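The values are calculated or read from the model by the stated rules, or taken from the named source; none is laboratory data. If you're wondering where the values come from, they're calculated on a predicted model, not measured in any experiment. Here the Cβ positions follow ideal geometry from the backbone for every residue, glycine too, while neighbour counts run over all protein chains shown.
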Amino acid sequence: MEAKEMIKINQLNKSFGDLHVLKNIDMTVYESDVVCLIGSSGSGKSTLLRCLNFLERKDSGSITIGGKEVDPKNDNLNNIREKVGMVFQHFNLFPHKTVLENIIEAPVMVKGIDKKEAISKAKQLLEKVGLEDKADVYPNKLSGGQKQRVAIARALAMEPDIMLFDEPTSALDPELVGEVLTTMKELAQEGMTMVVVTHEMGFAREVADWIVYMHDGKIIERGNPDQFFNHPKQERTQEFLKTTM
Ligand code: ADP
Ligand code: MG
């Protein structure tokens, strides 16, 4: 059986004014794949993720999600965003809502799920991310790592088919990085399709199926972790790896 294509990007271009940020990007992500997107700051990683979630509008090219090409002008983007969850560097939790209220907000308000059902699902998700005892606390009582795990639970509450992570551990104190990576690794092991922008090369090596290296708006090289880290083909990649390891 052929693996299902979850994301297919074809010749994607995006500029901000005169700045050409994404240059003819092609990328396919199959079901249950974990793709780690790496590259130096300013190479276009966040813009690519934001295009995948339609937070940014592409200039040209096509994006197919779950087998259907998305037409941002005519499709209901909220329906697509339900399928594609996103976790940001900064957690963006609602400060005036408890952890539980943060998690049930979108399922109840956007998806129209029964509140009792949403609460029961939220509690399961909190257990999954190891925070079952934090349901009733406010975000300011949580560590950065705990906040990020709540943000992951909140994204999962919409039952997405794909999860995008944009440097989810970059804002954390070093001792809190591991707990978030562990949660992400468990999600990967359950078969979630994930695209992860990260500087955590250990995570990429261990968890990714594919590494995609971007530089200056282009995909320079891609490969499985062994090919990519141990036998990089492009000089640019070799230079990049020297600076990170
Ligand atoms: P990365 O995530 O790899 O660091 P980004 O995708 O954030 O890179 O940014 C790529 C380039 O696009 C950078 O030069 C950045 O300054 C620019 N850029 C990103 N977002 C905007 C925006 N909304 N308006 C103008 N320029 C932007
Ligand atoms: Mg970025």
Selected residue (only one of Leu48, Leu19 is without any contact (Cβ under 8 Å) to a residue 12 or more places away in the chain, within 16 Å of ligand 2 (Cβ to nearest atom) and among the aliphatic types (A, V, I, L, M)): Leu19
Residue ranges of helices (runs of 4 or more DSSP H) in segment 31-124 with at least 2 members within 16 Å of ligand 1 (Cβ to nearest atom), of a type in the set (S, T, N, Q) and surrounded by 16 or more Cβ atoms within 10 Å (Cβ to Cβ): 45-52
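Can you pull out the residues in segment 1-30 that are within 19 Å of Glu190 (Cβ to Cβ) and not in a strand (DSSP E or B)?
In the first step, residues of segment 1-30 are kept if they are within 19 Å of Glu190 (Cβ to Cβ); the result is 3-4, 6-7, 29-30.
Answer for segment 1-30, where residues must be within 19 Å of Glu190 (Cβ to Cβ) and not in a strand (DSSP E or B): Ala3, Lys4.
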Val87 being under 20 Å from the mean Cα position of the chain (by Cα), at pLDDT 95 or above and closer than 15 Å to Pro160 by Cα: yes
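Listed here are the residues, each with its yes/no results for (1) aromatic (Phe, Trp, Tyr); (2) within 16 Å of ligand 2 (Cβ to nearest atom); (3) more than 18 Å from the chain's Cα centre (by Cα).
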| position | (1), (2), (3) |
| --- | --- |
| Lys4 | no, no, yes |
| Gln11 | no, no, yes |
| Asn24 | no, no, yes |
| Val29 | no, no, no |
| Ile38 | no, yes, no |
| Phe54 | yes, no, no |
| Asn92 | no, yes, no |
Subset of segment 205-221 that is surrounded by 23 or more Cβ atoms within 10 Å (Cβ to Cβ) and within 16 Å of ligand 2 (Cβ to nearest atom) - its residue that is nearest to Leu164 (Cα to Cα): Val212
Residues that are of a type in the set (S, T, N, Q), touching a Lys or Arg at 6+ places or on another chain (Cβ under 8 Å) and more than 16 Å from ligand 1 (Cβ to nearest atom), drawn from segment 1-30: Thr28
Count - residues of segment 144-158 that are touching a strand residue (DSSP E or B) at 6+ places or on another chain (Cβ under 9 Å) and in a helix (DSSP H, G or I): 6
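I need a count of the residues in segment 235-245 that are basic (Lys, Arg) and either modelled with pLDDT of 95 or more or crowded, with 16+ Cβ neighbours inside 10 Å (or both).
Step one: list which residues in segment 235-245 are basic (Lys, Arg), which gives 236, 242.
Narrowing further to those that are either modelled with pLDDT of 95 or more or crowded, with 16+ Cβ neighbours inside 10 Å (or both): 236.
Matching residues across segment 235-245 total 1.
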Residue within segment 130-143 that is assigned to a helix (DSSP H, G or I) and closer than 22 Å to Val84 by Cβ present: no
Members of segment 180-201 that are aliphatic (A, V, I, L, M) and in contact (Cβ under 8 Å) with a residue 40 or more places away in the chain: Ala188, Met192, Met194, Val195, Val196, Val197, Met201
Residue count, segment 155-171 (criterion: more than 13 Å from the chain's Cα centre (by Cα) and surrounded by 21 or more Cβ atoms within 10 Å (Cβ to Cβ)): 1
Count of segment 159-187 residues which are closer than 27 Å to Ile80 by Cβ and away from ligand 2 (no atom under 16 Å from the Cβ): 11
Of residues in segment 59-77 being touching a helix residue (DSSP H, G or I) at 6+ places or on another chain (Cβ under 7 Å) and under 20 Å from Val212 (Cα atoms), the one nearest to ligand 2 (Cβ to nearest atom): Ile63
